[in-house]
Structures are given as C-alpha cells and as structure tokens.
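The values are calculated or read from the model by the stated rules, or taken from the named source; none is laboratory data. None of these values were measured; they are calculated from a predicted model. Here Cβ is always computed from backbone atoms with ideal geometry, including for glycine, and neighbour counts include all displayed protein chains.
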Amino acid sequence: VLPPEIRFAAATVLHRLFLCFSTYCYYDITETDGVSTNELYHSVQLYLSRSASVAATRLSLSRGLNSSAFTFGLSSHDRLVDTFRGATATWEHVVTQRQAQTFSWRPLPEEKRSFTLRIKKKDKPLFVPAYLDHIMDTATELRRRSQERLLYTNSRGSSGGIESRGFPWESVPFKHPSTFETLAMDPERKELIMADLRDFTEGKAFYEKTGRAWKRGYLLYGPPGTGKSSMIAAMANFLGYDVYDLELTEVSTNSELRKLLMKTTSKSIIVIEDIDCSINLTNRGPKKPPIDSPSPSPEDSNAASPKTITLSGLLNFTDGLWSCCGSERIFVFTTNHVEKLDSALLRSGRMDMHILMGYCSFPALKILMKNYLGIDDGDLDEKSDLVTGLEAAIDEAEITPADVSEILIKNRRRDKRAASAELLETLKARWEKRRKEGGKKSSGDGMEVEEEEEEKRALDSPKESGQAMEGRNGKDEGAL
Ligand SMILES: Nc1ncnc2c1ncn2[C@@H]1O[C@H](COP(=O)(O)OP(=O)(O)OP(=O)(O)O)[C@@H](O)[C@H]1O
Ligand SMILES: [Mg+2]
C-alpha cells in the first residue's frame, strides 16, 4: 500500500497526463475573484441567459426593478452548448457549497459559483480573447436593452456655472413612447433611415477599416409639428441609446462645449434642437472659417470673443479630434429653416443624412389613422369616395402630422367612419382656404417638390447631400 503522499503525487501526475492528452481545455470563471466581483462572470451569466430559455431544463428566473425583461439563469451543473464562428463551446454552471459552513444569513455567499468553459484545444486561438470579447459586448448590449435609458440635459435653472457639481449633465429616465412604428412618414423613407441606423450600429469593423470616427450625423429639417423630435425619440428607442439634449444657449464658450462632449457616453444620441435659433449663424461675417481649413485653436476663438460659442466651436464639436472620444455617437441637429444654416455645417461628413420632415402625406396619414382610430390597411376600401377624397385632399391641404393628430384625437371616440369623414371635411376646408389665398403659393408647391426630390437623392447617396443643398442655395428659381 502506497503512502498517501505518493498516492496524491501519482494522482496529480495522472491528472496532468490526462489533461495533456485530452483534446479539451477548461476555463473556470468564478463569481468572485479574490475580494472583488468578477465582471466576466456576470457577463457570461447574462450572455447565456439569452439562449438558456430554450436549451436548458432547469432555470433560475429573475427580473430587475424597473426592467421590462425577465432574465434566465442556469441552475447548478446544467450545461449549455454555444457555437462561435463554427466552433463549439460547452458551458457548465458549477455551484459548490463552501466547506465548514454552518447555516447563516450573513451576506457572504455560502456557495461558490462559477462557470466552466470547455473548448477544444485547437480552437483556443479562436476563443481567447475573441469569444470573451464577444460575450462582454453582448452582455453590455443586453444590459442596455433591459435597463432604463436616460435623457440628459445641460440646462440649468440658475446659471450657477456648468461645472459646479462636477458633472455637467443632469439626467432623467427617458420614456418617450415614439417609435418608428408610430412615426407617420412614408414607409420607404422610414425603412431607409432604419437601415442606415442599423448599418451604423453594426459598422464597427467598417469604421475601423476606413479610419473614420464611429459617428454619424443627421439633420432633420421641416416645418414645426412634422415629427422631428418624435423622430429623435424613435431613433433612441430603436437603438436603445441614451439621449443628450444639448441646450446650446446654456453653453458660453467653445471649451465648455468640448467638456460637455467629453462627458457623454458611447452609444448615445447627441441632439441640438433648433440649431438656427441656438447659435447665431448669420452674424458671424468675416469670422466665419473657410470650409476646409481646420478650425482655429480655442485660444484664437476665445481671444476674439471670450464669451460666445462660435460656429467653428460647433464644427469642432461634431467633427474635430474630440468628437471621437468615445464611439458610436449619433449627432442629430434639427431646424425649421435649413436655408439659414451655414454650408460648412451641411457639408457631407458632418451631417451624413439630411432628412426632410414634411407635411403629412397619404401613407403617413394611414399610419396616423391606424394609431389614433385603429383603422388598419384592410379596413380601407381604396376605391371608396372617402379614401380617394382623403388621398387627394391630404397633399393639397399641406397639413402637418401634428395638426392631423389633433383632429384625430378630437374624434377618436366616434366610430371610424364618422371620424374619417370629419377629417376629410377639415382637410377640404384647408385646401379651399389655401386655394383662396391665391396663386402666390403655387411657386411654393414647386419648391416642395424639388425639396422632396432632393431629399430622395440625399437619402440615396448621403455623400451628395451636402452639395445638393449648397447647389440649391445658389440656384435661382428659374429652374423650377
Ligand atoms: N411624423 C409624425 N408621426 C407621428 N406623430 C407626429 C408626427 N409629427 C408630429 N407628430 C405629433 O405631433 C406632436 C409634435 O411633434 P414633434 O414635437 O415631433 O414636432 P417637431 O417637428 O419636433 O416640431 P418643432 O419643429 O416645433 O420642434 C408630437 O407629439 C406627435 O404626437
Ligand atoms: Mg421639436
């Protein structure tokens, strides 16, 4: 009989041998790593919870406060198989009781929990670290989706100095109900914008490869009440991003603007509403920087006007070196007067996509009727007088979606038919009024059409949009 030390040594050697010849290798990811919690453990848990709901037989369930999603977890010794780039990873959740523990309610966990990852040795280069990165990224994403998002603002009731509390942004939970589903606009254009956003979020590799900062700019323009703010909310809800609503009038210098930018997180939408009102874009005269030269250094601009924020400061904000601290940023500017904006702001690369939010069209009207009156496409008889009447009247009435919404809200308790008829009456009255107002308007119509066409071009090829806009500014009306 062998003495215990030798038995132990033999077992160790055998175990080592076994590991050498085994085709697998194992990684233990424990819940606590010494004293601090192991971030990877929680990420793995979240990551696996995605597929656990279908594959495993016994699950633990949880739901965080204010979260809208349930989280599944693996029970002890349950296994789950995941694949990554064609290779297989087997996960096991291992829960062991801590030794020599009497039952107690102390906060120290009496179980030791860990995940064991088993992969083939030959797959090692594939899994470490790419797979682990993938897990961390997915988990971050899941966390973001299940969590409440935030709406940040830099505006202060009193002008108590923007840095007085260290963090220049204040936040509230962001719960705007607007989505692309409820947004009234032509479905094809909506689809284009959604595809663009999707491309952007999935474009990490592309942006790295091309050496571009991972950001995108959208300019939303159009009359009041056409859904610009609703569109921003829809974008945020679609992507699951936080929103930073930047009040430019509260910012007094360019460097303050830069500090604000530095304190924003990745995966966020930075919004400047009514950009033509918040910064004086016409009054700059000779100080306006040439489009392609780099903006002056902050010292220069500060010397020139110590207490103003300049166009160059704003351009730096969206386009300069600082704009890429953090990544996955979306800039959205809105304006009611696109013609007032400086062409430097409109050139491509700064605002990648120019989106016209125009008067309500018939496809947009159908979405509003569905939202407010519950009238589905199937309920509409395309040949009926009511529907053809609406289709003709809506374009001529030049009415904003906000005004249509008002009419529909007023009539939402009536039956669908009566409410639609009432809407038609109102539209016709508006049409009539517009016609009476005279021929002056007709040239305006022409502009609208051209803008629409331009808009389509802008949507088709964002690169051209800046030039298209500039071109139009220089063109006279004779072309119409
Ligand atoms: N395209 C739209 N789809 C759905 N609802 C809309 C749309 N446009 C406007 N509305 C409704 O009208 C209201 C005002 O719209 P919103 O605030 O988005 O307009 P806006 O274009 O931002 O106007 P402003 O230029 O004055 O800021 C919203 O609460 C929304 O209910
Ligand atoms: Mg608005």
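Quick check on the stretch 227-260: of everything there that is out of contact with any helix residue (DSSP H, G or I) (no Cβ under 8 Å at 6 or more places or on another chain) and modelled with pLDDT under 90, which residue is nearest to ligand 2 (Cβ to nearest atom)?
GLU250
Cβ contacts < 6 Å: first residue over 27 Å from LEU248 (Cβ atoms), restricted to the stretch 141-158; second residue modelled with pLDDT under 80, any location; separation 6+ or different chain. Result?
Every condition considered, the pairs that remain are SER146/SER67; SER146/ALA69.
If the Cβ limit is 6 Å and pairs must be 6+ apart or interchain, which residue in the stretch 383-409 that is charged (D, E, K, R) pairs with which residue that is in a helix (DSSP H, G or I)?
What qualifies is GLU391/PHE362; GLU396/TRP431.
Tell me, yes or no, whether the stretch 199-211 has at least one residue that is within 14 Å of ligand 1 (Cβ to nearest atom) and under 19 Å from THR318 (Cα atoms). First the steps, then the outcome.
The initial filter retains those residues of the stretch 199-211 that are within 14 Å of ligand 1 (Cβ to nearest atom), namely none.
Within the stretch 199-211, none of the residues are within 14 Å of ligand 1 (Cβ to nearest atom) and under 19 Å from THR318 (Cα atoms).
Would you call SER405 more than 28 Å from the chain's Cα centre (by Cα), under 24 Å from GLU432 (Cα atoms) and in a helix (DSSP H, G or I)?
No; evaluated as a whole, the condition is false for this residue.
Quick one: what pairs do we get from the stretch 112-128, first residue under 12 Å from CYS25 (Cβ atoms) and at pLDDT 90 or above, second among the polar types (S, T, N, Q) and part of a strand (DSSP E or B), C-beta under 6 Å, 6+ apart or different chains?
Close Cβ pairs (under 6 Å, with a partner that is among the polar types (S, T, N, Q) and part of a strand (DSSP E or B)) amount to ARG118/THR90.
Out of the residues in the stretch 216-263 that are within 16 Å of ligand 1 (Cβ to nearest atom) and charged (D, E, K, R), state the one that is nearest to LEU151 (Cα to Cα). So that I can check it myself, show each step before the final result.
Of the residues in the stretch 216-263, the ones within 16 Å of ligand 1 (Cβ to nearest atom) are 218-238, 243, 245-249.
Subset that is charged (D, E, K, R): 228, 245, 247.
Values: LYS228: 17, ASP245: 7, GLU247: 13 Å.
The extreme case among them is ASP245.
Output the residues belonging to the stretch 229-259 that are in contact with a Pro (Cβ under 7 Å, 6 or more places away or on another chain) and either surrounded by 22 or more Cβ atoms within 10 Å (Cβ to Cβ) or of a type in the set (Lys, Arg) (or both).
If the condition is that a residue be in contact with a Pro (Cβ under 7 Å, 6 or more places away or on another chain) and either surrounded by 22 or more Cβ atoms within 10 Å (Cβ to Cβ) or of a type in the set (Lys, Arg) (or both), then ASN254, LYS259 are the ones that fit.
Which residues, taken from the stretch 205-243, are in contact (Cβ under 8 Å) with a residue 24 or more places away in the chain and basic (Lys, Arg)?
Passing the criteria: LYS215, ARG216, LYS228.
Might you check whether a residue that is more than 18 Å from ARG212 (Cα to Cα) and either among the β-branched types (Val, Ile, Thr) or in the same structural domain as LEU192 (by TED's automatic domain parsing) (or both) occurs anywhere in the stretch 314-327?
The answer is yes, given that some residue of the stretch 314-327 is more than 18 Å from ARG212 (Cα to Cα) and either among the β-branched types (Val, Ile, Thr) or in the same structural domain as LEU192 (by TED's automatic domain parsing) (or both).
Please count how many residues of the stretch 261-281 are more than 16 Å from ligand 2 (Cβ to nearest atom) and closer than 17 Å to ILE355 by Cβ. First the steps, then the outcome.
The initial filter retains those residues of the stretch 261-281 that are more than 16 Å from ligand 2 (Cβ to nearest atom), namely 261-268, 279-281.
Filter again for closer than 17 Å to ILE355 by Cβ, leaving none.
Here the count works out to 0.
When residues of the stretch 169-212 are filtered for being touching a strand residue (DSSP E or B) at 6+ places or on another chain (Cβ under 7 Å) and hydroxyl-bearing (Ser, Thr, Tyr), how many remain? Give the steps one after another, and end with the answer.
Narrowing the stretch 169-212 to residues touching a strand residue (DSSP E or B) at 6+ places or on another chain (Cβ under 7 Å): 169-174, 193, 196, 200.
Next, only the ones that are hydroxyl-bearing (Ser, Thr, Tyr) stay: 171.
Final tally of qualifying residues: 1.
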